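Data first, discussion second: the structure below is written as structure tokens.
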Amino acid sequence: MTETAATAPRVTMDEITALAKRRGFIFQSSELYGGIGGFYDYGPLGAVLKRNVKDAWWRETVQLRDDVVAFDSSIIMHPLVWKASGHVDQFHDKMIDCKICKHRFRADHLPNLDQCPDCGSKKSFTDPRSFNLMMQTHIGPMEDTASIAYLRPETAQGIFVNFKNIYQTARKKPPFGIAQIGKSFRNEITPGNFTFRQREFEQGELEYFVPDDGKDMAIFAEWVDARKKWYSDYGIKADRLRFYELPADERPHYAKAGIDVEYLFPWGWGELESIAHRGTYDLDAHMKLSGKDLRFFDEAAKQHYTPILIESSAGMDRTTLTMLIDAYEKEKSVDPNGKEMERVVLRFHPKIAPQQIAVFSLARNKPELVERARAIEADLRRKFRTQYDEGNIGQLYRRQDEIGTPFCVTFDYDSLDDQSVTVRERDSMRQERIAVDRLQSYFSEKL
Ligand code: ATP
């Protein structure tokens, strides 16, 4: 692919991981003991950032719709769930090892099998071996094959096996959807690219059940549009996002249509979400193995039918990482003393930004300023995500730019006389004086 302005990496993963650590977004899990591959912890800002991503997904997918209901299933389910779904028999990746440098790879991630990309050795690979990605545990005190259980590799199966419980108790009939956000686990052979490929991650999954009345492809298209709108509404740049339509030979045999939502990461395009028309495959599989009827009874037609499934499965950690990367800008700027400097700024959408307003007192040791600034912050906190800070204004701005806070408010000496504060906007760096008693309405409008 030729590089255009849009496709050339604007930021490296080293810059992102360094910023994430320095500012408290994301840390390597168990760093104290040398870390553990494929697991991450979200720091004070990262935890809020990820929560905002999940809240935004939940709001548009569940809360604002009258045709989608909420759900929350357990991580460990009966092992037969994974037999029926095909995960026990088919959820495999092929792994190979380089016999010289001992590095391990996913066979399908290598451009060819002639030469090791890490040490350059030729014909040094072992034969590919199948590796099941499900993580196992044991239930109860006996560690034998009868007690094996799996940590779910996706949240969707919890929805399928509860389909009847849900439509009966929620009094819903197709077309309607069931959504949940939750942890999933995959024993990835080669976790990497920071939080892009982890062994423990969160998914937001929507399963939308539709009658077989010829409108299924139109509903599929409506969901693709809804998801496009979601990414755009929450600020992801359109030229770094693509909706890749899977040709028939890249889709499972039962899927009538499939779209991968991909983002242009610093290393290339990577999947954020998959939207799929799965036919009746999942409910059929559970009916077959369990022997129970999961069909829907259509009162009007007086007949049972198995609804068709449209699925949207989005990674909440990958979306959070995308928000960080997409927001990142490095630009030339001048500091408050007129000195040239490089400014790093995260241009988060205000709904996604972990903090929305930072309130400063211009001086640390002037109780009359500190008290008033703290009182303003306490007042704004009831409605917005805020933080109080004090000290050198240049350093304070630099910190807030780097964590993507859209507005800074400074209470200075003049404020004591004119009862106004300086409000500085993150992206334009424009400053204006606003009366303290107008701040609530000013920010309600802006945020
Ligand atoms: P990949 O091809 O990258 O392994 P996949 O096609 O197996 O992903 P799906 O099974 O379609 O992924 O899962 C739906 C979504 O869950 C993905 O689009 C992704 O956002 C997220 N996801 C899957 N695996 C991981 C992982 N190991 N780490 C973080 N997120 C993941």
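A few remarks follow.
- Only residues that are basic (Lys, Arg) and surrounded by fewer than 21 Cβ atoms within 10 Å (Cβ to Cβ) were counted in the range 306-333, giving 2.
For every residue, the table says whether it meets (1) over 25 Å from Lys54 (Cα atoms); (2) touching a residue at least 40 places away in the same chain (Cβ under 8 Å); (3) among the small types (Gly, Ala, Ser).
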{"site": "Lys339", "(1), (2), (3)": "yes, no, no"}
{"site": "Ile352", "(1), (2), (3)": "no, yes, no"}
{"site": "Ala373", "(1), (2), (3)": "yes, no, yes"}
{"site": "Glu377", "(1), (2), (3)": "yes, no, no"}
{"site": "Leu380", "(1), (2), (3)": "no, yes, no"}
{"site": "Gly404", "(1), (2), (3)": "no, yes, yes"}
{"site": "Val409", "(1), (2), (3)": "yes, yes, no"}
{"site": "Leu416", "(1), (2), (3)": "yes, yes, no"}
{"site": "Glu425", "(1), (2), (3)": "yes, no, no"}
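- Checking Asp66, Asp72 one by one, the residue that is under 27 Å from Arg171 (Cβ atoms), without any contact (Cβ under 8 Å) to a residue 24 or more places away in the chain and among the acidic types (Asp, Glu) is Asp66 and no other.
- Here Ile189 clears all of (1) in a loop (DSSP other than H, G, I, E, B); (2) more than 11 Å from the ligand (Cβ to nearest atom) except the condition numbered (2).
- Within the range 86-130, being crowded, with 17+ Cβ neighbours inside 10 Å, farther than 21 Å from Asn187 by Cβ and of a type in the set (A, V, I, L, M, F, W, C) holds for one residue alone: Cys116.
- Scan of the range 192-203 for residues that are hydrophobic (A, V, I, L, M, F, W, C), more than 6 Å from the ligand (Cβ to nearest atom) and closer than 17 Å to Ser313 by Cα, ordered by number: Phe196
- Pair list, Cβ < 7 Å and 6+ apart or interchain, from the range 283-294 residues that are assigned by TED's automatic domain parsing to the domain that holds Tyr167 to residues that are outside any helix (DSSP H, G or I) and buried (at least 18 other Cβ atoms within 10 Å of the Cβ): Leu283/Leu294; Leu283/Thr306; Asp284/Thr306; Ala285/Ser85; His286/Leu294; Met287/Leu294
- For the residues Phe201, Phe220, Phe243, the requirement of being more than 18 Å from Ala56 (Cα to Cα), aromatic (Phe, Trp, Tyr) and in a strand (DSSP E or B) singles out Phe243.
- Scanning the range 30-65 for residues that are acidic (Asp, Glu), touching a Phe, Trp or Tyr at 6+ places or on another chain (Cβ under 9 Å) and either within 24 Å of Tyr231 (Cα to Cα) or not assigned by TED's automatic domain parsing to the domain that holds Phe194 (or both) yields a single hit, Glu60.
- Some residue of the range 35-57 being in contact (Cβ under 8 Å) with a residue 12 or more places away in the chain, surrounded by fewer than 15 Cβ atoms within 10 Å (Cβ to Cβ), farther than 26 Å from Gly192 by Cβ and out of contact with any helix residue (DSSP H, G or I) (no Cβ under 9 Å at 6 or more places or on another chain): no
The values are calculated or read from the model by the stated rules, or taken from the named source; none is laboratory data. Quick caveat: nothing in here was measured; it's all calculated off a predicted structure. Note: ideal-geometry Cβ built from the backbone for every residue, glycine included; neighbour counts use all protein chains shown.
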